[in-house]
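> Following this message is one structure expressed as structure tokens.
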Amino acid sequence: MIKVSEKDWEIFHENYRISREKLFLIFPYRANFEELKQLLLESKTDSIYDTPFTDILWRFPISMSDNDFMRLLQFFLLENWHHNHESIIGSFQDSFNEDENNIKYLMQIFHSPPEFYKHDEDLKYPFIRKIIYAIGAQPEPYNIEALEKISLSEDEVIKELALHQIEKRKRLGRWEAKQNEQF
């Protein structure tokens with residue numbers, strides 16, 4: 001298991017502005033799936049500023065496949081002690097949108113969002129919209145099936161968001177997947 005020294009954490013934080021790939025060259029630690037998962041679990045804090053979690057998840061040099069990183073995101077999407085849910089959901093829309101199993105995790109967070117999203121409508125509906133967009137980006141026809149379930153909501157705002165996304169996907173398709181193919 002990785003035990004990062006204080007000096008090495010300083011190197012990590014001093015090089016905040018460089019990419020993960022460049023950090024890989026100067027930071028002596030590489031984390032695989034289990035190691036990165038453990039580091040992230042150890043970063044739990046009671047503070048709403050979960051900087052250690054954010055830094056480790058998005059910047060720590062990793063030596064794992066995209067599939068393993070996606071599994072890590074799936075796991076932490078359902079953890080409610082951090083505040084990176086929107087970034088993780090964004091990754092499912094923009095980058096990790098080729099696996100129908102992602103829909104299961106997105107539906108779980110839709111049905112059981114973290115507490116701080118449930119009671120504040122200024123946070124709740126933008127959060128739900130991000131989930132709906134990420135579901136729409138997933139493989140067809142599974143994305144449409146999940147959106148149709150969401151459209152049965154008694155909440156008129158949620159129903160409208162889901163119906164709008166269904167109509168848009170039927171008309172335009174999955175443009176995120178097409179963008180991924182270009183790169």
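The values are calculated or read from the model by the stated rules, or taken from the named source; none is laboratory data. Computed from a predicted model, the values in this text were never measured in an experiment. Note that each Cβ is placed from the backbone with ideal geometry, even for glycine, and that neighbours are counted across all protein chains shown. Areas reflect the complete protein model, heavy atoms only, side chains present, ligands, DNA and RNA absent. Shrake-Rupley method; radii C 1.70, N 1.55, O 1.52, S 1.80 Å.
> I'm trying to understand the selection: among the residues of the range 1-28, which are of a type outside the set (S, T, N, Q) and either outside any helix (DSSP H, G or I) or outside the structural domain of Thr51 (by the TED database) (or both)?
Hits for the range 1-28 are Met1, Ile2, Lys3, Val4, Tyr16, Arg17, Ile18, Phe27, Pro28.
> Every residue in the range 59-85 that is open to solvent by 60 Å² or more (accessible area, probe 1.4 Å) and not in a loop (DSSP other than H, G, I, E, B), please.
Result: Asp66, Asn67, Arg71, Phe75.
> On the given criteria, is Ser112 surrounded by fewer than 17 Cβ atoms within 10 Å (Cβ to Cβ) and farther than 26 Å from Tyr29 by Cβ?
Yes.
> Given the structure, is Gln93 under 22 Å from Thr54 (Cα atoms), part of a helix (DSSP H, G or I) and touching a residue at least 60 places away in the same chain (Cβ under 8 Å)?
Yes, satisfied.
> Within the range 101-183, considering only helices (runs of 4 or more DSSP H) that don't extend past its boundaries, which have at least 1 residues that are modelled with pLDDT under 95 and farther than 24 Å from Phe76 by Cα?
156-172, 175-182
> Can you name the residue in the range 117-149 that is under 19 Å from Arg171 (Cα atoms) and of a type in the set (Val, Ile, Thr) and is also surrounded by the most Cβ atoms within 10 Å (Cβ to Cβ) among such residues?
Among those that are under 19 Å from Arg171 (Cα atoms) and of a type in the set (Val, Ile, Thr), it is Ile135.
> Those residues that are closer than 22 Å to Gln38 by Cα and either more than 11 Å from the chain's Cα centre (by Cα) or open to solvent by 10 Å² or more (accessible area, probe 1.4 Å) (or both), I need them from the range 97-108; list them, please.
Residue satisfying the conditions is Tyr105 alone.
> Right, here's the next one. Take Met64 and tell me if it is modelled with pLDDT of 95 or more and of a type outside the set (Phe, Trp, Tyr).
Against the criterion (modelled with pLDDT of 95 or more and of a type outside the set (Phe, Trp, Tyr)), Met64 does not qualify.
> Report whether or not Asn67 is polar (S, T, N, Q), more than 18 Å from Ser95 (Cα to Cα) and either touching an Asp or Glu at 6+ places or on another chain (Cβ under 9 Å) or not assigned by the TED database to the domain that holds Tyr105 (or both).
no
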